[in-house]
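Visitor: Before we start, here is the structure in question, set down as structure tokens.
The values are calculated or read from the model by the stated rules, or taken from the named source; none is laboratory data. Bear in mind the structure is a predicted one, so any value in this text is a computation, not a measurement. Here the Cβ positions follow ideal geometry from the backbone for every residue, glycine too, while neighbour counts run over all protein chains shown. Each accessible area value is taken on the protein alone, full model and side chains, heavy atoms only, with ligands, DNA and RNA left out. Shrake-Rupley method; radii C 1.70, N 1.55, O 1.52, S 1.80 Å.
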Amino acid sequence: MRKGDTGAGTIVIAEIGVNHNGSIDLAKELIRQAHAAGASYAKFQTFRSESLASRDTPLANYQQPSSSQTSQRELLKELELNQADFLELKSYSSQLGIGFLTTAHDQQSAEFVFGMDLDYVKVPSGDITNLPFLELAARAGQPVLLSTGMASLDEVRAALGALTSGILGPKDVTVMQCTTEYPAPANEANLLAMVAMGEELKVPIGYSDHTLGAATAIAAVALGARVIEKHLTLDVNLPGPDHRASLEPHEFRAMVNSIRTVEDSLGNRVKATQPSEMSNKLIVRKSIVAKRLISQGEQFQEECLSTMRPGAGISPMLWHEVIGQVAHRDFQPDEPIELP
């Protein structure tokens, strides 16, 4: 099995991100909840605030209501975990039996994360135009999840080119449709762009969901997403920038269950009678029957014939072949017609 391929259908990533609010104990509880909800991976974000944002970088609009800070660096500083924390969280995830991932957001953190031998390297939307970061991700030689929030198709194509200029090929990069807003409007999810990118770029596709609820993520699976990423929180009312665009554990579990149902329902593209239908086929379909008494020697005409259940007799698809033939015996009303 190729690294990064779980063989278990759609990969569902519980994006814990910074919803641990800087607490490793809360991070562990979120890993437990992700595992209980049936997620394939619990994922975090690894960064050094002083390397990620300059001193004067302002807060994004979605960050302002939940923060008393005036700059991103100040906000991010409160949400940092250190490298030892991430190694502990990886070990804890392994003990529980859930995969562990974390997204690096700066060059120094990337060197640490890419050395953790994780199943996937995640390129966040903010780095899709960061060539040094893309080249570092390519050199890691691991399957890549490329998030495409805020990007045009040309920018996605350029990032894919940078990632696949060495040992990685297009099949090693899952292109993740994403709308970078928290929460994102459902009418801007643009799931069909995900489908189009897969067709245009010949890559696996996925969806990183920031919309409210789970409907959009579930729809993405029906459209062919192989990876779903969705934020998980213990409580959407907790302080922090991403909680409002997250699912609580019971909602996340329901989403996973719905995704598995969608997978089961997709089938194999071959239209055929299904096993569960077989017993109904005879009962529900119809046969050609006598509408009234038809005497032997009488010619079958439309006015003396009808179609009724069950379907054990002559199929109504042979209606025009029956019309004009001669009854070889008497037929009572409702009796299936027979031809000699």
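Visitor: Pairing the Cα long axis of helix 24-36 with the longest principal axis of the chain, what angle in degrees results, from 0 to 90 and rounded to the nearest 10?
Guide: Helix 24-36 sits roughly 10 degrees off the main axis of the chain.
Visitor: Against the longest principal axis of the chain, how steep is helix 153-163, in degrees 0 to 90 to the nearest 10, with axes from Cα atoms?
Guide: Relative to the chain, helix 153-163 is tipped by roughly 70 degrees.
Visitor: How tilted is helix 249-266 with respect to the longest principal axis of the chain? Cα atoms for both, answer in degrees (0 to 90, nearest 10).
Guide: 40
Visitor: Could you please state how large a percent of the accessible area of region 235-286 is carbon and sulfur, counting protein chains only and using a 1.4 Å probe? Please list the in-between numbers first.
Guide: On the way: 1920 of 3690 Å².
Carbon-and-sulfur percentage of accessible area, whole number: 52.
Visitor: Dividing the alpha-carbon radius of gyration of the chain by 2.2 N^0.38 Å (N being the number of residues), what value is obtained?
Guide: Details: Rg = 29.3 Å, N = 340, 2.2 N^0.38 = 20.2 Å.
Taking the Cα Rg and dividing by 2.2 N^0.38 Å, one obtains 1.45.
Visitor: Moving on to the next point. Solvent-accessible area per residue for region 115-166 at a 1.4 Å probe radius, Å²?
Guide: 38
Visitor: Here is a further query. Taking every DSSP beta bridge with both residues inside the chain, roughly what % is antiparallel (nearest 5)? Walk me through the numbers before you get to the answer.
Guide: Working: 8 of 40 bridges.
Roughly 20 percent of the beta bridges in the chain run antiparallel, per DSSP.
Visitor: Also, quick follow-up: In straight Cα distance, which lysines are under 28 Å from LYS28, not counting same-chain residues fewer than 8 positions off?
Guide: In chain and number order, the partners are LYS3, LYS43, LYS77, LYS90, LYS122, LYS230.
Visitor: To continue, here is another question. How far apart, in nanometres, would the label points at ASN257 and ALA215 be if each is projected 7 angstrom from Cα along the Cα-to-Cβ direction?
Guide: Each label point lies 7 Å from its Cα, and together they span 1.9 nm.
Visitor: Same structure, new question: Nearest 20 debye, what's the magnitude of the dipole of the chain about its Cα centre given +1 on Lys and Arg Cβ and -1 on Asp and Glu Cβ?
Guide: Working: 29 positive and 41 negative charges, 135 e Å.
Using only the charged Cβ atoms, the result is roughly 660 debye.
Visitor: Sort ASP209, ASP334 by accessible area with a 1.4 Å probe, largest first.
Guide: Details: ASP209 0, ASP334 90 Å².
Sorted descending by solvent-accessible area, the residues read ASP334, ASP209.
Visitor: Carbon and sulfur atoms: what percent of the 1.4 Å accessible area of region 97-180 do they account for?
Guide: Here it works out to 51 percent.
Visitor: How would you rank 145-155, 217-227, highest first, on the average number of other Cβ atoms within 10 Å across their residues? Please report the intermediate quantities before stating the final value.
Guide: Numbers: 145-155: 18.1, 217-227: 20.5.
Ranking the peptides 145-155, 217-227 by packing returns 217-227, 145-155.
Visitor: Provide the gained length on full extension for the span SER165 to LEU318, in nm with one decimal, where the gain is 0.36 nm per separating residue minus the Cα-Cα distance. Don't skip to the end; give the middle numbers.
Guide: Values: separation 153, 0.36 × 153 = 55.08 nm, distance 6.17 nm.
Gain on stretching SER165 to LEU318: 48.9 nm.
Visitor: Divide by every residue of the chain the summed helix terms, -39500 (n - 2.57) for each DSSP H run of at least 4, and state the resulting mean residue ellipticity at 222 nm, rounded to the nearest 500 deg cm²/dmol. Intermediate results must be reported in sequence, preceding the final value.
Guide: Numbers: 12 runs with 114 residues, N = 340.
It lands at -9500 deg cm²/dmol.
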